[in-house]
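The values are calculated or read from the model by the stated rules, or taken from the named source; none is laboratory data. Predicted model, so just to flag it, every value in this text is computed and none were measured. A quick note on method: Cβ atoms are made from the backbone with ideal geometry, for glycine too, and the neighbour counts reach across all protein chains shown.
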Amino acid sequence: MTIGRSGIVAVLLGVAALGFGGCATALPPAGEAAAVAPAAFAIDQDFADPDVLLVDGTYYAYATNSLVNNVQFATSADLVSWEVQDSDALPELPDWADSGKTWAPDVSAGPAGTFLLYFTAADRASGRQCIGVATATSPVGPFAAAAAPVICPVAEGGAIDASSYLDTDGSRWLLWKNDGNCCDLDTWLQLSPLTADGLTVAGDPTRLIKQTQEWEGAVVEAPVLTRADGQYVLFYSANNYGDDSYAMGYATAKTLQGPYTSSADPLFSTESAGSRYLGPGGQDIVTGPGSTTPDHMVLHSWDPAYVYRGMSVVELDWVDGRPVVRPAD
């Protein structure tokens, strides 16, 4: 989830469409992973950084920009069969944002029947990534963006990967990552309080975790927060998004603002998945039909040729307060 990744995928898809097979020079070869039959994608096309929202019995999945839409989205009644829609959830970008670099959307229910869309885009003025916010009266949009970014810490490398969280007391929060890996800085997963309408930051951020473990490499990103068994569980992705080192982890805390303790090992990785999911990450968690607790995870992973990242849905179990991913057979 670093600058340029949407552009890389777009270029690769364009080259593939022209019939050139040498596009793997921009990304590492699949290696041994290509010899293993991959798990079937729930959405078998480029649909990276998925976020899922359930509204009135319909699931809405939002993803990083396609070649034609700023925020692409799909719908499903059961988390199994998905229909990618032609329309753009965010048809107009604000003046501060460059086009073609809109990724990692997060959509949540706002107050009084509204919906909030947080998105990452490249800031024209600084060249860094920043987080914008947009509103709509329907989960399909069209969302209208605010004139200025909601989070844009240029001195920290910018900000990406917004994820909204509504705490048990009704307070609104926004998780995000400072894009420090753009410029040799630490990458911190951070938590900012929001105003009740979700449109403005209401206080200083709290730093939750940064990259500290070998498997995380130089990057932690894509934070998602939930509660389970009386504690807060912070999911995240780490390492190089473009190869098999990309994986998902989690950290736990007794209070919202921490301190958080990361698990020593990845929650889900290419290795733990038997190479059926290549570089899994960009996750979100969701409650499946008939359930009352988050019991599914959506994520992206690479196709065997490392040209695009499709979306998968896997089962999520909880054992003594710890998440356990159950991939499809």
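Things worth noting here:
- If only residues of the stretch 294-329 that are among the hydroxyl-bearing types (Ser, Thr, Tyr) and out of contact with any strand residue (DSSP E or B) (no Cβ under 6 Å at 6 or more places or on another chain) are counted, the one that is farthest from residue 76 (Cα to Cα) is 306.
- Of all residues in the stretch 103-120 being within 16 Å of the chain's Cα centre (by Cα) and under 16 Å from residue 135 (Cβ atoms), the one that is surrounded by the most Cβ atoms within 10 Å (Cβ to Cβ): 119
- Unmet criterion (only one of (1) part of a strand (DSSP E or B); (2) crowded, with 22+ Cβ neighbours inside 10 Å) for residue 198: (1)
Listed here are the residues, each with its yes/no results for (1) among the basic types (Lys, Arg); (2) out of contact with any helix residue (DSSP H, G or I) (no Cβ under 9 Å at 6 or more places or on another chain); (3) more than 29 Å from residue 167 (Cα to Cα); (4) free of Cβ contacts under 8 Å to residues at least 40 places away in the same chain.
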residue: 254; (1), (2), (3), (4): yes, yes, no, yes
residue: 277; (1), (2), (3), (4): no, yes, yes, no
residue: 305; (1), (2), (3), (4): no, no, yes, no
residue: 313; (1), (2), (3), (4): no, yes, no, no
residue: 316; (1), (2), (3), (4): no, yes, no, yes
residue: 323; (1), (2), (3), (4): no, yes, no, no
residue: 328; (1), (2), (3), (4): no, yes, yes, no
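- Any chance residue 208 is of a type outside the set (Asp, Glu) and either within 14 Å of residue 190 (Cα to Cα) or buried (at least 24 other Cβ atoms within 10 Å of the Cβ) (or both): yes
- Residues (among the acidic types (Asp, Glu) and in contact (Cβ under 8 Å) with a residue 40 or more places away in the chain) located in the stretch 111-166: 161
- Any hit, the stretch 74-83, residues being modelled with pLDDT of 95 or more, of a type in the set (Val, Ile, Thr) and surrounded by fewer than 22 Cβ atoms within 10 Å (Cβ to Cβ): yes
- Test set (1) hydroxyl-bearing (Ser, Thr, Tyr); (2) in a strand (DSSP E or B); (3) touching a Leu at 6+ places or on another chain (Cβ under 7 Å) - residue 99 fails condition number: (2)
- Subset of the stretch 145-176 (residues that are under 10 Å from residue 131 (Cα atoms) and not aromatic (Phe, Trp, Tyr)): 148, 149, 150, 151, 152, 153, 158, 159, 160, 161, 162
- Residue within the stretch 174-183 that is modelled with pLDDT under 95, basic (Lys, Arg) and under 23 Å from residue 46 (Cβ atoms) present: no
- Residues (assigned to a loop (DSSP other than H, G, I, E, B), on the phi < 0 side of the Ramachandran plot and buried (at least 20 other Cβ atoms within 10 Å of the Cβ)) located in the stretch 154-184: 179
- For the stretch 306-329, a residue qualifies if it is part of a loop (DSSP other than H, G, I, E, B), within 20 Å of residue 269 (Cβ to Cβ) and not hydroxyl-bearing (Ser, Thr, Tyr), and the qualifying residues are 327, 328, 329.
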